[in-house]
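To keep things clear, I will list the structure first and then write my remarks on it.
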Amino acid sequence: METNFNDIQQLWQSQKAENFDLASLIEGLKKTEVKQKRERIAIAIITPATLVFLFIFMPWQESKAILLSLLVIAVAMIGVGILSFSSRISPSDDSENFSNKEYLKSQFEKLKFRYKIAGKYMYYYAFLLAVALNVAYFVLLAPFSDLIRILTHTGLTVMIFGIMHFSIKRRLKKYDKSLQPMMKQLEKLLTEAKN
Amino acid sequence: MKSTKELQFKSLYKNHKDKVYRLCLGFVKKKELANDLFQEILIKVWRHLDSFKGESDISTWIYRIAYNTALTFSARERKKDEKQTEIPSNQELSEPENYNSEQEIRIQMLYEAINGLPELDRVIATLLLENTSYKTIAEISGISENYVAVKVNRIKAALTQKLNPQAHGNQLQRYTTTLAKSKS
């Protein structure tokens with residue numbers, strides 16, 4: 001029986017890894033790498049392509065208001081693209097660079113940031129989208145009566161904020177179940193590391 | 001034809017698989033989960049391999065990935081565990097394939113003892129069991145070398161105490177009986 005630490009060490013080191021199908025794992029990893037690369041390329045292409053499309057087909061030369069609207073949409077889309085890229089699509093989680101303490105801290109901050117994106121930044125996005133579309137509609141609806149214009153603007157704004165609000169609430173509810181317990185555990189580990 | 005990355009990965013796997021696998025078994029109670037964690041670590045090693053610049057020792061680099069992954073894996077699994085119905089503690093232990101083998105039972109007891117430590121102590125305990133220097137342990141865990149030394153003393157005492165039958169009754173016999181009961 002293990003009466004001193006050297007014996008325990010020997011016992012521990014006597015355990016060997018089980019046979020593992022490394023070839024299949026490498027094959028799967030290579031496929032995933034190709035897929036992720038495609039996803040990153042798609043994101044890098046879709047946002048500018050949409051903006052180029054909008055600038056080609058919208059009559060922004062005719063009205064400064066439409067130009068402003070397009071610029072606001074561009075800012076919002078680029079903002080959301082950067083946020084999603086940094087929080088989820090980024091290829092590294094820094095596990096290779098950080099010590100346990102730093103890593104726990106970075107993971108905790110990342111989860112907190114995901115909450116912030118859903119609970120705060122998406123409302124900013126909704127606001128920018130509402131402003132941009134209302135500016136564009138302001139110009140496009142010029143020939144119509146005031147009542148129609150007011151109703152359209154109100155309906156559009158309520159619709160944007162309504163859809164955004166419900167999708168944000170749904171996402172936060174999901175996060176409360178999946179991210180919150182993990183954040184608590186990470187917080188506990190961080191406190192443990194500080195002591 | 002195999003790429004340089006693939007060859008490098010295979011060589012790393014060959015040289016570090018046992019250590020990494022033991023770390024997995026020290027972190028999670030169930031063998032299937034240990035295999036999942038092992039796979040998750042291998043995936044991260046593969047993904048980060050291109051970014052390895054040789055600034056630190058390759059073993060330290062792998063350990064960093066392995067322990068950081070194990071900590072978040074363990075946090076995730078704890079969350080799942082809390083959701084599940086309470087299971088008697090003896091059922092949670094991974095059962096050795098041949099539970100009559102004394103060596104297997106001793107190893108199970110060791111895993112159980114390590115598993116009973118707080119997560120960050122588990123990091124230090126498993127590194128210590130692999131003969132890792134205090135300097136490397138401090139580098140991986142992010143705490144000072146002096147504090148590592150303090151923790152090491154406590155951990156050594158705790159593990160020796162748990163696995164020493166002279167001072168604490170015949171745990172091996174009790175463990176065998178528990179396993180036999182859970183089998184029947």
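The values are calculated or read from the model by the stated rules, or taken from the named source; none is laboratory data. The shown structure was predicted, so the numbers you read here are calculated from the model rather than taken from an experiment. Because the Cβ atoms are built from the backbone with ideal geometry, glycine has one as well, and the counts that use them run over all protein chains shown. Ligands, DNA and RNA are excluded from the accessible area calculation, which covers all protein heavy atoms including side chains. Shrake-Rupley method; radii C 1.70, N 1.55, O 1.52, S 1.80 Å.
Sequentially through the range A:15-28, phi angles give Karplus couplings (6.51, -1.76, 1.60; θ = phi - 60°) of 6, 10, 5, 6, 5, 10, 7, 5, 4, 5, 4, 4, 4, x Hz, Gly and Pro residues having no value and appearing as x. Our coupling estimate for the range A:157-173, obtained by passing each phi through the Karplus curve with A = 6.51, B = -1.76, C = 1.60 and θ = phi - 60°, is 5, 4, 4, 4, 5, x, 4, 4, 4, 5, 5, 5, 4, 5, 5, 5, 4 Hz, Gly and Pro reported as x. Each of the peptides A:61-67, B:20-26 was scored by the mean count of other Cβ atoms within 10 Å over its residues; in descending order, highest first, they stand as B:20-26, A:61-67. A simple spin-label model places pseudo-atoms 7 Å from Cα toward Cβ; at B:Lys29 and A:Phe55 they are separated by 6.0 nm.
Taken across both chains, chains A and B shield about 5300 Å² of accessible surface from a 1.4 Å probe.
With a 10 Å cut-off around each Cβ of B:66-73, the average count of Cβ atoms from other chains is 5.
The modelled label-to-label distance between A:Arg40 and B:Gln8, using points 7 Å beyond Cα along the C-beta direction, is 1.6 nm. Using a cutoff of 8 angstrom between alpha carbon atoms and counting only pairs six or more residues apart, the relative contact order for chain A works out to 24 percent. Largest first, the three principal axis extents of the alpha carbons in the range A:21-194 are 67, 36, 25 Å in whole numbers. Sequence neighbours fewer than 8 away in the same chain don't count; with that in mind, list the lysines whose C-alpha is under 24 Å from A:Lys120. In chain and number order, the partners are A:Lys105, A:Lys110, A:Lys112, A:Lys169, A:Lys173, A:Lys174, A:Lys177, A:Lys184.
Relative contact order of the range B:1-86, taken over Cα pairs closer than 8 Å and 6 or more residues apart, is 32 percent.
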